[in-house]
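Have a look at the structure below, then the notes.
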Amino acid sequence: MNSQVPIDAKSDKRRKLRLLFLLTLGVWSFLAAFSAWSGYSQLEEHLYTVARERGQSLFDLMEITREWNARHGGVYAPVSKTNPPNEFLKVPRRDLATGSMKLTMVNPAYMTRQISEVAKERGGLSFHITSLNPIRPANAPDPWEAKALQAFETGTPALLEIDRTGPAPMFRFMAPLRVGEPCMLCHAKQGYKVGDIRGGIGVIMPAASTLASFSDQVSRMLLVHAVAYIAVSGLLALLFFKTQAHIQALSDAKHAQEALVQKRTQELTAANAALGRSNAELEQFAYAVSHDLQEPLRMVASYVQLLGRRYQGKLDADADAFIGFAADGAKRMQRMITDLLDYSRVQSKSDPFQPVALSEALDLALGNLDLIIQETEAKLSLPVGGMPTILGDKSQLGRLFQNLIGNAIKYRDTGRPPEITIAVTWKKPFWALSIQDNGIGIEPQHFERIFRVFQRLHGRDKYEGSGIGLAICKKIVERHGGRIWVESQPGQGACFCFTLPAIPEAERSD
Ligand code: ADP
């Protein structure tokens, strides 16, 4: 079996399929990862947006409260433990007394600090007012706040981060605090103008529950992605294995079919060879038999003739007739054996092929038929453009023309002299020749039969012959690689056509 090529082709197909699978899996993995990353980014963006909005709202509320306070030029509240006089507030009438009640001024900064403390007591939330240039040292910024304050100077509207350094995670939001008209009361002496960034208020908010919900959402999103990824990858793998199995089955079927075709071809070749051998043996046998029969038959014929000569008229009339029949039978048998020998010699005693000008082969035939042509006044028209040269056996080709033209004359219509037209046409890769006569014609049901050995359509009393001529023509044409057939209608002449292969372009000498 031819195993190398199919195995290579099979593994090549497998390799390509595996490559396609890996490529698809790669693309799918990339898409799944991209989708997960994009989902995560959106959730994170949402988390920051919500935290920023919360921070901004609280910041706005604080700013509004501070503005309310500043518009009043600060408000007075009773002095208490949680509201001692603000030592950093250097304004006239900071402390007042009404009756026995001592009051002290609470300005926006002091109020911010106090609100932050209240918020811290309530749990979690706190505010921190800070500045790069604080009046109260405790309001100095920590490193993150300092970074935020510097960023505000360059136009950043607000800053947010998650601080995980403490025991619980916190959102830190900070936005700039701008100097308003009412603020100038305290801050004009620091050189600020209305609209300047004076500092910022940091809002610190608990982030644990928001982050927990964020983690939940991320986990759910990742879970959905993981399930989808595994499911689609599984389907892809299934598809891959199914396709591989299908390809395998197809390839197995193809190879089984190829093996079968190969086996049948081998069987056919062997049968052809056997047939060829048996044909050759048969021909050899026919040749040997007809050759070996000649001698005893000649003896029979000679002695029958001798009998005839010696005893003619000496015996009775029946004996004379019987001796005549025997002599005639022996003569016919001799003719048949000679014909059979001729027939088998087409194959066994042939010349090797060489370039033959068909016009020369035709001349040979016409030379042998010269007498009969003259006797019957047959008119022959030869091909106008001459005749080609082919590879063949000149004497056999001469015999072919002789048999066909001879028949065209023999089977002439008694009412008219024979007219025979020989034509040649080119039907790639063959030369097609035809010999058309105006004789008695043949009925279509005999077209096949007349090419067989000893098959005749007429009695010997009408047309002399043994029925071997066309069988020899068929054998000669087929030996040259061509085909012979007849076209005819009774009473309308017959046209014997045959093909002969042209000399291949490469082998031509002209
Ligand atoms: P034979 O001529 O010896 O009988 P052939 O093999 O040459 O043998 O021809 C076989 C038969 O084919 C002939 O007996 C004849 O009936 C028929 N035949 C051959 N050539 C022609 C022809 N040109 N026109 C009509 N019949 C033909």
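The values are calculated or read from the model by the stated rules, or taken from the named source; none is laboratory data. Just so it is clear, the structure is predicted and the values come from calculations on it, not from any experiment. Glycine gets a Cβ as well: all are built from the backbone with ideal geometry, and neighbour counts include every protein chain shown. Calculation scope for accessible area: heavy atoms of the full protein, side chains included, ligands and nucleic acids excluded. Shrake-Rupley method; radii C 1.70, N 1.55, O 1.52, S 1.80 Å.
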Net charge of neighbours whose Cβ lies under 12 Å from the Cβ of residue 450, counting Lys and Arg as +1 and Asp and Glu as -1: +2
Surrounding net charge for residue 189, when Lys and Arg each add one and Asp and Glu each subtract one, Cβ distance under 14 Å: +2
Rounded to whole Hz, the Karplus (6.51, -1.76, 1.60) HN-Hα couplings of region 80-94, x for glycine and proline: 8, 5, 8, 9, x, x, 7, 5, 8, 8, 9, 10, x, 6, 5
Amide H contacts under 5 Å for residue 129, placed H, 5+ residues apart: 202
Heavy-atom SASA rank of 363, 60, 437 (probe 1.4 Å, accessible area, largest first): 363, 60, 437
Förster-model FRET efficiency, 30 Å R0, residue 146 and residue 48, C-beta, rounded to 0.05: 0.90
The chain: DSSP helices with Cα axial extent of at least 18 Å and average Kyte-Doolittle hydropathy no lower than -0.5: 4-71, 208-311, 317-348, 358-376, 394-410
Sequence of 240, 353 when ordered by accessible area, the most exposed leading, probe 1.4 angstrom: 353, 240
Residue 34 accessible area, 1.4 Å probe, all protein chains in place, Å² to nearest 10: 110 Å²
Per-residue [θ]222 nm for the chain (sum of -39500 (n - 2.57) over DSSP H runs n ≥ 4, rounded to 500): -20000 deg cm²/dmol
Considering only the chain, percent of DSSP beta bridges that pair antiparallel, nearest 5: 95 percent
Relative pair counts by distance (%), Cα atoms of the chain, 20 Å bins: 14, 22, 12, 9, 8, 11, 13, 8, 2, 0
Among 336, 260, 300 the positive-end extreme of the charge dipole of region 255-343 (Cβ point charges): 300
Signed unit charges on C-beta, dipole axis of region 351-507, positive-most listed residue 453, 353, 386: 453
Cα-Cα P(r), region 351-507, percent of pairs per 10 Å interval: 11, 42, 36, 10, 1, 0
Average accessible surface area per residue within the chain, 1.4 Å rolling probe, Å²: 61 Å²
Per-residue SASA entry for residue 161, accessible area with 1.4 Å probe, Å² rounded to 10: 50 Å²
Long-range amide H partners of residue 420 with built H, under 5 Å: 379, 380, 381
Given charges at Cβ of Lys, Arg, Asp, Glu: the chain dipole, positive-most of 237, 395, 39: 39
Accessible-area ranking of 101, 387, largest first, probe 1.4 Å: 101, 387
Cβ-placed point charges (K, R +1; D, E -1), dipole of the chain about Cα centre in debye, nearest 20: 2200 debye
Exposure of residue 413 as accessible area (Å², to 10), given a probe of 1.4 Å and all protein chains: 40 Å²
Neighbour net charge for residue 308 - beta-carbon separation under 13 angstrom, K R +1, D E -1: +2
